[in-house]
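Here's the structure we're looking at; comments come further down.
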Amino acid sequence: MNVLLKFYHRLGSPREFYEISGSLIPWFGTISLILILTGSYLGLVVAPADYQQGESYRIIYVHVPSAWLSMLIYTVLAVSAMIGLIWRMKMAYVVMICSAAPGAWFTLVALITGSLWGKPMWGTWWQWDARLTSELLLLFLYIGIIALYNSFYERHLAEKSAAILAVVGVINLPIIHYSVEWWNTLHQGSTVIRSDGPSMDVRMLWPLLIMAVGFNFYYGLILMLRARNQVLIQEARNSWVAELVVNKGQAS
Amino acid sequence: MSFNEFLAMGGYAQYVWSSWLLTLLVLLWNVIAPRYKHKKLLQQVEIQTKREQLKNSTNKI
């Protein structure tokens, strides 16, 4: 526990974060690459075709991991916003703002791949049903957080305002998740996260889970890449940043 | 299953492959863009550091 606590405190310092993340990035990159390649191969080649949807269901392997990630990223974003608001931790706000753009990207991917899946299966690109609408709202939340953050010249004000919007927006997460149960939606119900266990064939399920874990590592990777840039911008006036350039070996 | 059959995706090729391609592009972009920015930021810091060193040395003269 002491070790974990120490690690947590070290990550709270921008300089330590910069150094630790520098050594973690290659690991996250390799793990996510292996998982995504494996998942893609299993999902595109090995998994059997669906008895109802044929080959078109293979969109699931990019659609569902993106959609899950869009919600996971929002959870991380909102929790770090909360930590930032309560404990005024510098790095928490960095994690918050550096999660917003990846979150928006994956929400967009989930929406577009969903649309590409909806066209052949439902016969329409878009429907104002609860699941689709709440996911679209998530995209607007991400964009709103980014816009609000960028609209302040003073950084602390920007962080605080964006964090409040982020925390308020949490209400949308359960709405997205339960939308397929609460309302009659065109979108199909959950096939993986359900109380009676997954209702998918294991040969279809495994590639999906591998892809999802791969996407999580990928998010860890791009979060660290972005956070390191943010740290460099915020700490530009500190001597340790100048030292980075002097000892170029560590600056990679 | 032949390679052509694989590419055809049972007639859903345009939907399946455009979804995968979009995802691939987004995954690549989100790694390339911050890496490029990181390089630029380090260059900026380097220029700034050199400028300050120069200022300090001329002050001494």
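The values are calculated or read from the model by the stated rules, or taken from the named source; none is laboratory data. In this text the structure is predicted, and so the values were computed from the model without any measurement. When we count neighbours, we look across all protein chains shown, and the Cβ atoms used for this are built from the backbone with ideal geometry, even at glycine. Ligands, DNA and RNA are excluded from the accessible area calculation, which covers all protein heavy atoms including side chains. Shrake-Rupley method; radii C 1.70, N 1.55, O 1.52, S 1.80 Å.
The contact between chain A and chain B removes approximately 3100 Å² from the accessible area (both sides summed; 1.4 Å probe; ligands, DNA and RNA excluded).
What is the percent of Cα-Cα separations in segment B:1-48 that go past 15 Å? Cα-Cα pairs of segment B:1-48 separated by over 15 Å account for 64 percent. Of the accessible area of the protein assembly as shown, computed with a 1.4 Å probe over protein heavy atoms only, carbon and sulfur atoms account for 66 percent.
Comparing A:Y18, A:Y219, A:Y93, which has the greatest mean-square fluctuation in the GNM of chain A with Cα pairs linked when under 10 Å apart? Of A:Y18, A:Y219, A:Y93, the Gaussian network model singles out A:Y18 as fluctuating most. Going from the chain on its own to the full set of protein chains, segment B:1-31 has these residues losing 50 Å² or more of accessible surface (heavy atoms, 1.4 Å probe, no ligands, DNA or RNA): B:M9, B:Y12, B:Y15, B:S19, B:W20, B:L22, B:T23, B:V26, B:L27, B:N30.
Derived scalar couplings between HN and Hα for segment A:114-126 equal x, 5, 5, 8, x, 4, x, 8, 9, x, 8, 6, 8 Hz in order, rounded to whole Hz, by the Karplus curve 6.51 cos²θ - 1.76 cosθ + 1.60 (θ = phi - 60°), x for Gly and Pro. Seen through its C-alpha gyration tensor, with square-root eigenvalues sorted a ≥ b ≥ c, segment A:26-251 comes out oblate because a/c lies at 1.5 or above while a/b is not bigger than b/c.
Among the residues of A:52-64, the average count of other protein chain beta-carbon atoms within 10 Å of the residue beta-carbon is 5. Per residue, the solvent-accessible area of chain B (1.4 Å probe, heavy atoms of protein chains only, all protein chains present) comes to 74 Å². Need one word for segment A:123-243: rounded, prolate or oblate. Basis is the Cα gyration tensor (sqrt eigenvalues a ≥ b ≥ c); a/c below 1.5 gives rounded, then a/b vs b/c decides. Oblate is the answer for segment A:123-243, as a/c is 1.5 or above yet b/c matches or exceeds a/b.
Which entries in the list A:K6/A:K160; A:K90/B:K39; A:K119/B:K37; A:K90/B:K37; A:K90/B:K40 go over 29 Å, if you measure between the two C-alpha atoms of each?
In this structure, A:K119/B:K37 exceed 29 Å between Cα atoms.
Rank A:A162, A:A147, A:A101 by mean-square fluctuation in a GNM of chain A with C-alpha springs under 10 angstrom and give only the top-ranked residue. Sorting by GNM fluctuation, first place goes to A:A147. Measuring with a 1.4 angstrom probe and ignoring ligands and nucleic acids, A:E181 comes out at about 130 Å² accessible.
Between A:V170, A:V180, A:V202, the residue with the greatest mean-square fluctuation in the GNM of chain A (Cα pairs under 10 Å linked by springs) is A:V202. With the Cα gyration tensor of segment A:98-164 giving a ≥ b ≥ c as the square roots of its eigenvalues, does the rule (a/c under 1.5 for rounded; else a/b larger than b/c for prolate; else oblate) give rounded, prolate or oblate? Cα axes put segment A:98-164 in the prolate bin.
Please give the helix A:14-41 orientation as an angle from the longest Cα principal axis of chain A, in degrees from 0 to 90, rounded to the nearest 10. Value to nearest ten degrees: 20.
The mean of 1/r over all pairs of different alpha-carbon atoms in segment A:1-131, once inverted, gives a Kirkwood hydrodynamic radius of 17.6 Å.
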